[in-house]
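Worksheet: the structure to be examined is printed underneath.
The values are calculated or read from the model by the stated rules, or taken from the named source; none is laboratory data. As the structure is a computational prediction, the values presented were derived from the model and not from experiment. So basically every Cβ, Gly included, is an ideal-geometry build from the backbone, and we count neighbours across all protein chains shown. Remember, those area values only see protein heavy atoms, side chains included, never the ligands or the DNA or RNA. Shrake-Rupley method; radii C 1.70, N 1.55, O 1.52, S 1.80 Å.
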Amino acid sequence: PVRMRTIVSFGCLLAAAAAVAEGEDGGGGQGGFIPLQPPEGALFFENFAESSLDAMPRWRKSAHPDFTGEWDVQSYKEPEGLPGDRGLVVNSAAKRHAIATVFSTPVDPKGKGLVIQYELQLKKGIQCGGAYLKLLTASDSLSLESFQADTPYTIMFGPDKCGQTNKVHFILRVKSPVTGEWEEKHLTSPPKMLADMKTHLYTAIVGADNSVRILIDNKEVRNASLLAAEDFEPSVNPPKQIDDPEDVKPESWVDEPMIDDPQATKPDDWDEDAPKKIADPSAVKPAAWEDDEPLRVPDPKATAPADWDEEEDGEWEPPLIANPKCKAAGCGEWKAPRIDNPAYKGKWSPPRIDNPEYIGEWKARQIDNPGYYFDEAPHAMSPIGGVGIELWTMQDGILFDNIIVAHDAAVAEVAAQTFETRSKAEAAASKTRHVPRRPGVLGFVRYWATKALYFSMDNAVPVATSALAVLLTLLFLCFRMRSKKELAPTEEDAQDGDGADADADADANADADAGDGVQADADGVVNGGASKSVRNDKSLDGEGKLEFLSGNQYSGMIRGNMMDGVGSYEWVEKQVRYEGEFKSNKICGSGIYNWPDGNVYEGQVVDGLRHGHGSFVGKGGAPKYIGEWVCGARHGQGTLLYDVEGKVKYTGQWAANKKEGRGCAVYASGNSYDGEWKADVKCGEGTMDWASRRERYTGQWEDGQPHGHGEHIWLKLQEESAPFQMRERYVGEWSGGFRHGHGTFYYANGSKY
């Protein structure tokens, strides 16, 4: 319960605090903000400047019974870059939403092109849902009230994220002049959406030259052509020939080039059940190890605050600290470290051999495509009669603003200036002037009091001495209550998360990866236990410490009962520590993970997982990976150093912790391979140099062996002063690492076979 004297003080000061702060927002109105006006050349423009949807009859919610989600006109998320500006907001969670507006005159892109642009802010982030627009196909039957998912559209553009889906859609609906059927043409390799809570600008430009450009925050992220078959799936113009649907592969056709050796048998001493890791039999528990000591103990130096009232605040308990007796060697149950099992062989499988019955890859015969046509100007799409937003989303708070439809990209550039101003202001405000709202009377008072103080500071307007004294007294009373005891989250506000990354296996060339040990769950740090020693009926805000029932600890910034800002989180039992940025109870931003075995990761983190650019360094400095990560795995461009000196390494592309794409590997022997990889195996085009053998192979690879067409060169050992290097080479076909098929062997003496 809040003490009566505090309530009386707050009641007396409330009016003055709110009155001063109200001046900052201009009496609750636009606060002097002038919304973006329709740019010259805009065919359609919407800035949602009115105070409510009722004041905008041009926009109507769908009357279809499937769409029960509510819409609203609201301000941007705090801190607002342009205070007083508003946007159209999805106002219901886990529901289907639909709203649309119709143009007075249809927009025809023929010969002029088309530009669609809008600002988007995810006020509460996004877990699963879309945030795209539909440019509705013009027709006499186009109705606002009946707008739904099946309403014909010409273009669908905007971000969408759910599960593995994370993309910015650009879909063009095209009607075939041959069949009369409509077909969706999806942009291939679409860019990913920006799923943070900042305001972002999405722009699609279709040129009269049939080009397509996608921009995010005024920066081009995808360039395509409506005439390029590889840029859309299916291609905008259908292919001339297609597979014959009546052609069927013969049952006798054998298209498996390799088979298991039918003569091979598993060796008698092959133990498939042997574990990969075992306890180190030579390990000995340290003499100083304390079996019966807890990892954390009450702080003997801590004392209860002078104004702690057991009758009102409950029994006081000192905070826990690391047990000093554990520093020498350790505490709790001792377990021997795990090492590689020398008897481990894994599951046995027979070796692969060439299939003697292999015929080749079967392909259906080609026939003329009866639906073929060629449109030289696909940019002249179906005219557009309106804009619709039709979404299913698990989150509310999706804000749309400053929607523009035009022919000229210069019109969008003018409107983008407002976004640039807003973006810079948001970035500056987020560093200094974010004032979160809190529930209850105390939260209301603290919010308006702090905003009033910021108002007087930012505007340098003389404030009456009495008013300033009131504000300072108010802040003192609010934060005094928090200083009485260590902060703790409610049971719904915080949780400790554990997880483990698997050790990566070494490949045939001794390319070893590092295991990462424990890492935060992808669900973040939410919904966990509350501290036993602290009451949980108060709103927490500021810098503090959290103690969980599991023993895990957090120290750092707390906003609205959530870990938010810079802080550190320690999994005490696992002895893992994270230091860095948190966002709404999730490990998110830039930070450092430290594992007890000496491994360290430093870089970007999303939802507790390594995601973005970062470096991982193993104990002793190796292995070391520097590059891109996705969902906790090496993915993208990066370099992995296998030794401290950096002599054994791989630099190139990765996918899900495996070498995938183009890359160069240098081995301990000095040999090197530069070429294409697939699932950690040499596959595709590449060059292998055997330094000690003075040999080189350039050509096709499969399953780590030369396979297909290639050239192998043998350099003859001779004096370096020789006028030329003698060599022998073979150019031709290979199979499974052996010369197999047609080829030519060139001897060093000039003869050939």
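Key figures
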read-out: Net +/- balance of residues flanking residue 168 in space, Cβ distance below 11 Å, scoring K and R +1, D and E -1; value: +3
read-out: Protection proxy ranking of 377-385, 281-289 - average other beta-carbon atoms within 10 Å, highest first; value: 377-385, 281-289
read-out: Per residue accessible area in Å² of the range 562-620, where ligands, DNA and RNA are left out and the probe is 1.4 Å; value: 41 Å²
read-out: Violating pairs (Cα-Cα greater than 26 angstrom) within the set 347/658; 277/658; 240/659; value: 240/659
read-out: Computed accessible area, residue 557, all protein chains, 1.4 angstrom probe, square angstrom; value: 60 Å²
read-out: Whole-number accessible area per residue in Å² for the range 196-282, which is evaluated in the context of all protein chains at 1.4 Å; value: 61 Å²
read-out: Centroid-to-centroid separation of the range 339-379 and the range 698-715 [C-alpha atoms, Å]; value: 20 Å
read-out: Average Cα contact separation per residue, the range 104-233, under 8 Å, 6 or more apart, as relative contact order %; value: 26 percent
read-out: Label-point separation, residue 347 to residue 240 (7 Å along Cα→Cβ), nm; value: 4.8 nm
read-out: Cross-link pairs beyond the 23 Å C-alpha cut-off, checked among 167/198; 185/682; 123/185; 112/134; value: 185/682; 123/185
read-out: Listed residue (283, 316, 263) projecting farthest to the positive dipole end of the range 260-322, Cβ model; value: 263
read-out: Packing-based ranking, highest mean first, of 358-368, 693-703, 62-72 given that Cβ atoms within 10 Å are counted; value: 693-703, 62-72, 358-368
read-out: Rounded to the nearest 10 Å², the accessible area of residue 321 at probe 1.4 Å; value: 60 Å²
read-out: Kirkwood-Stokes translational diffusion coefficient of the range 620-753, alpha-carbon pairs, 4 °C, 1.567 mPa s, µm²/s; value: 79 µm²/s
